Amino acid sequence: MSKDSEAKFDEMLFRVLKRHSEPVPADFADKMLRQIKKTENEKTLARVIMQERLALVGCIVLGIITIVAVLVFPGTTINFTELAETSADKITQTIEAARYNWRLYAVFAGVFLFTAYSFAALLVNDSR
């Protein structure tokens with residue numbers, strides 16, 4: 001709870017207790033603040049649990065869609081298998097090519113990282 005909301009809560013509690021004629025325990029405000037924090041924590045926990053459930057449902061649905069796609073479109077999945085094999089061959093060829101030109105790629109990577117860092121620093125400084 002922020003200082004501003006605590007101050008508003010204290011002011012509201014003071015006004016209500018001033019009109020109240022029965023004695024109030026000394027730790028009444030602390031109990032109320034603890035109850036508010038507990039309620040906020042329960043809401044946050046419920047939100048996290050809902051997100052986890054939605055993620056689990058998404059994974060299950062994606063799995064079911066994949067299985068159905070394999071059963072309904074067997075020719076398409078064969079094309080994906082061939083594409084994966086071709087991609088693996090291309091990756092191997094790329095690694096072999098990079099092995100011979102690694103210095104050039106290291107310079108390009110350094111220049112790219114410096115440019116990305118400079119651009120990010122420029123954006124961060126402008127936003128403040």
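Nothing in this text is a laboratory measurement; each read-out follows from the coordinates by a stated rule. None of the values given here were measured: they were computed from a predicted structure. Neighbour counts run over all protein chains shown; Cβ positions are idealised from the backbone, glycine included.
How far apart, in nanometres, would the label points at M12 and L56 be if each is projected 7 angstrom from Cα along the Cα-to-Cβ direction?
With each label placed 7 Å out from Cα toward Cβ, I get 3.6 nm.
Between beta-carbons, use under 15 Å as the cut-off and find the net charge around N41, counting Lys and Arg +1, Asp and Glu -1.
Summing Lys and Arg as +1 and Asp and Glu as -1 gives +3.
In deg cm²/dmol and to the nearest 500, what is the mean residue ellipticity at 222 nm of the chain if only DSSP H runs of at least 4 residues count, each as -39500 (n - 2.57), divided by the residue total?
-32500 deg cm²/dmol
Within a Cβ distance under 15 Å of K3, other residues only, what is the Lys/Arg minus Asp/Glu net charge?
Overall, the nearby charge balance is -2.
Between F119 and I64, with labels modelled 7 Å along Cα→Cβ, what's the label distance in nm to one decimal, could you check?
Spacing of the two 7 Å Cα→Cβ label points: 4.1 nm.
Using the basic label-point model (7 angstrom from Cα toward the beta carbon), what is the R34 to K90 distance in nanometres?
6.3 nm
On a full-extension model of 0.36 nm per residue, what is the gain between R103 and T44, subtracting their alpha-carbon distance, rounded to one decimal in nm?
16.2 nm
Size of the chain along its principal axes in angstrom, Cα-based, largest extent first?
Largest first, the chain extends 85, 48, 21 Å along its Cα principal axes.
Given the chain, what count of lysine pairs have C-alpha atoms under 19 Å apart, with each pair 8 or more places apart or on different chains?
Lysine pairs satisfying the spacing and distance rule in the chain number 9.
Region 74-128: Rg/Rh from Cα coordinates, Kirkwood Rh?
We get a ratio of 1.32 for region 74-128.
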